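Following: one structure in structure tokens, then a few remarks.
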Amino acid sequence: MASWSEKMLQLLRRMNNFHLPGSSLESCLRFEVAGEQVGWISPKVASILGRFPAVFRPYGSAITFCSGLDTFESRSVAVDEVLQELRREASFTCLIGWRDEQYAVMPRYCDPPLMYMERAATSLFGVKRYGVHVNGYTQDSSGNLNMWLARRSLTKQTYPGRLDNMAAGGLAAGCSVRHTMVKECEEEACIPPGLAEQARPVGTVSYTYEDDEGIFPECQFVFDLELPLNFQPHIGDGEVQAFYYYPIEKVKDLLVSEEFKPNCAMVVLDFLIRHAIIEPDSGLLHSGGQISGHLVEFEIRI
């Protein structure tokens with residue numbers, strides 16, 4: 001039977017498989033906007049985009065926009081029209097989960113956005129997505145840690161019924177990280193804004209994976225929120241079906257089960273490392289994963 005550390009290594013490899021041997025990386029085309037790379041496009045997607053020569057044009061080993069689409073608005077409108085047509089045709093399964101939620105497309109988070117794109121379509125273009133995840137936890141007078149976990153609603157479009165962080169959500173266009181954090185805490189777990197504001201930003205968790213629905217470069221802004229011992233989150237907007245309050249050792253065990261949404265498991269792993277529940281060390285297990293902004297090789301000591 002695989003050990004805990006071996007199972008965690010499998011998860012890390014899965015969540016970073018785009019940069020491992022055997023991925024589609026070498027055959028992908030760069031997606032460039034205004035001379036900047038903002039994503040990756042697989043050959044399959046590129047062949048379908050070739051049906052829209054008034055919008056997209058090949059450029060060496062890249063795909064970019066036609067010369068007339070040189071403004072934020074013109075690009076956003078043109079891409080939305082293409083995506084709406086592909087959605088009607090049911091060309092891609094990811095578009096079945098259309099959300100009417102616009103994501104900003106830019107080379108780096110600190111850069112001004114070059115266009116907006118429907119969230120459900122970002123994996124077709126390998127556009128980096130950003131989100132906010134909140135670790136809700138308590139610590140008693142003896143130093144014992146407990147963590148609040150959420151179970152996703154069965155109606156969620158992705159990973160229904162899986163375990164999740166106490167509150168989390170994508171960073172929609174035009175919204176700041178802290179605003180999103182407070183909003184998700186209030187909407188999903190009924191955490192008052194005054195309490196949510198006490199959450200501490202502790203870093204990021206980044207990874208890039210691919211599956212049948214496309215390429216997913218993602219960066220999660222992570223917050224730790226220490227809650228009063230008598231506090232209990234409540235179901236808010238219906239995206240969560242239940243909350244659980246577990247000792248941190250049980251959380252660690254659940255982390256390598258099939259119950260966890262994979263990227264949320266990575267956020268909890270980061271928490272466990274930072275709080276010395278497990279200890280990173282170099283040399284034995286090579287994750288190839290990016291945890292809290294650093295490429296790490298680590299040994300998990302149980």
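The values are calculated or read from the model by the stated rules, or taken from the named source; none is laboratory data. Please read all numbers here as calculations on a predicted model, not as lab measurements. Here Cβ is always computed from backbone atoms with ideal geometry, including for glycine, and neighbour counts include all displayed protein chains. Keep in mind that these areas ignore ligands, DNA and RNA; they rest on the heavy atoms of the full protein, side chains included. Shrake-Rupley method; radii C 1.70, N 1.55, O 1.52, S 1.80 Å.
According to a simple spin-label model (label point 7 Å from Cα along Cα-to-Cβ), what is the distance in nm between W98 and D212?
Here the modelled spin labels are 2.2 nm apart.
Could you tell me which of rounded, prolate or oblate describes the range 152-199, using a ≥ b ≥ c as the square roots of the eigenvalues of the alpha-carbon gyration tensor, with rounded for a/c under 1.5 and, failing that, prolate when a/b is larger than b/c and oblate otherwise?
It comes out oblate by the Cα gyration axes.
Pairs of lysine in the chain with Cα under 20 Å and at least 8 positions apart or on different chains: total?
Lysine pairs meeting the criterion: 9.
Considering only protein heavy atoms and a probe of 1.4 Å, how much of the accessible area of the range 128-232 is carbon and sulfur, as a whole percent?
The value for the range 128-232 is 47 percent carbon and sulfur by accessible area.
Where Lys and Arg each count +1 and Asp and Glu each count -1, what net charge lies around G126 among other residues with Cβ under 13 Å from its Cβ?
For residues surrounding G126, the net value is -1.
Given a Förster distance of 30 Å, report the FRET efficiency between S61 and Q84 from their Cβ-Cβ distance, rounded to the nearest 0.05.
It comes out at approximately 0.60.
Please give the length that would be gained between S153 and R13 if that part of the chain were fully extended, namely 0.36 nm times their separation in residues minus their C-alpha to C-alpha distance (nm, one decimal).
The span from S153 to R13 would gain 47.7 nm if fully extended.
Where does the charge balance sit around E188 when Lys and Arg score +1, Asp and Glu -1, over other residues with C-beta under 12 Å from its C-beta?
-2
What is the Cα centroid distance between the range 210-254 and the range 24-72, reported in whole angstrom?
35
Write down the accessible area per residue of the chain in Å², having rolled a 1.4 Å probe over the full set of protein chains.
46
Subtract the Cα-Cα distance of V177 and F52 from 0.36 nm times their separation in residues, and report this length gain in nm to one decimal.
My answer for the length gained is 41.5 nm.
What label, among (i) 36, 61, 3; (ii) 32, 56, 12, 0; (iii) 29, 52, 18, 1, belongs to P(r) over Cα pairs in 20 Å bins from 0, in percent computed from the structure on display?
(ii)
Which of the GluC sites (Glu not before Pro) found in the range 163-213 are loop residues per DSSP with 15 or fewer other Cβ atoms within 10 Å of their Cβ?
E197
Compute the signed sum of charges (Lys and Arg +1, Asp and Glu -1) over the other residues within less than 13 Å, Cβ to Cβ, of V38.
Counting the neighbours of V38, the net charge comes to +2.
Springs between alpha-carbon atoms under 10 Å, Gaussian network over the chain: tell me which of D270, D164, D237 tops the mean-square fluctuations.
D237
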